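The values are calculated or read from the model by the stated rules, or taken from the named source; none is laboratory data. Since we're looking at a predicted model, the values are computed, not measured. Cβ coordinates were reconstructed from backbone atoms using ideal geometry, including for glycine residues, and neighbour counts include every protein chain displayed.
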């Protein structure tokens, strides 16, 4: 199964991320986010960090997950290439995601600059859960 693909869009980046389950699809969505910005094969998993985000539904959880990763890049200058969603827990007030991410500080000599991502959006966001797998679709503002 492919992890993600870029879908046609005239002005922004539209992505479909896939997984056998919701955690795997969220991992692949994160990888796709960073693949827009650089070649993730060149990002070494030197530093590990823990991430926790919450959302009132699965769409807001996906938005908050990707937004948190984008903020980490913008404020800390880190790129990430390895993502492990440890849990997605349904709670009475929504959902909580816990993950470990690995990456390193951006180095322009080793990390090719592709497209800058300004923001994650809710526009055209869709989560399709089926018995044979999960598809996440989302749009990145570039």
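For segment 36-52, does any single residue satisfy the condition of being over 12 Å from residue 103 (Cβ atoms), at pLDDT 95 or above and touching a helix residue (DSSP H, G or I) at 6+ places or on another chain (Cβ under 7 Å)? No, segment 36-52 contains no residue that is over 12 Å from residue 103 (Cβ atoms), at pLDDT 95 or above and touching a helix residue (DSSP H, G or I) at 6+ places or on another chain (Cβ under 7 Å). Using the structure shown, decide if residue 79 is within 14 Å of the chain's Cα centre (by Cα), buried (at least 19 other Cβ atoms within 10 Å of the Cβ) and not in a helix (DSSP H, G or I). Judged against the criteria, residue 79 is a match.
Residues in segment 1-31 that are assigned to a helix (DSSP H, G or I) and closer than 13 Å to residue 139 by Cα were compared, and the one that is farthest from the chain's Cα centre (by Cα) is 29. Number of residues in segment 32-65 that are surrounded by fewer than 13 Cβ atoms within 10 Å (Cβ to Cβ) and either free of Cβ contacts under 8 Å to residues at least 24 places away in the same chain or part of a helix (DSSP H, G or I) (or both): the value is 1. Is at least one residue of segment 66-74 surrounded by fewer than 19 Cβ atoms within 10 Å (Cβ to Cβ), in contact (Cβ under 8 Å) with a residue 12 or more places away in the chain and more than 18 Å from residue 142 (Cα to Cα)? No, every residue in segment 66-74 fails to be surrounded by fewer than 19 Cβ atoms within 10 Å (Cβ to Cβ), in contact (Cβ under 8 Å) with a residue 12 or more places away in the chain and more than 18 Å from residue 142 (Cα to Cα).
Would segment 128-139 turn up any residue that is at pLDDT 95 or above and in contact with a helix residue (DSSP H, G or I) (Cβ under 6 Å, 6 or more places away or on another chain)? Yes, because at least one residue in segment 128-139 is at pLDDT 95 or above and in contact with a helix residue (DSSP H, G or I) (Cβ under 6 Å, 6 or more places away or on another chain).
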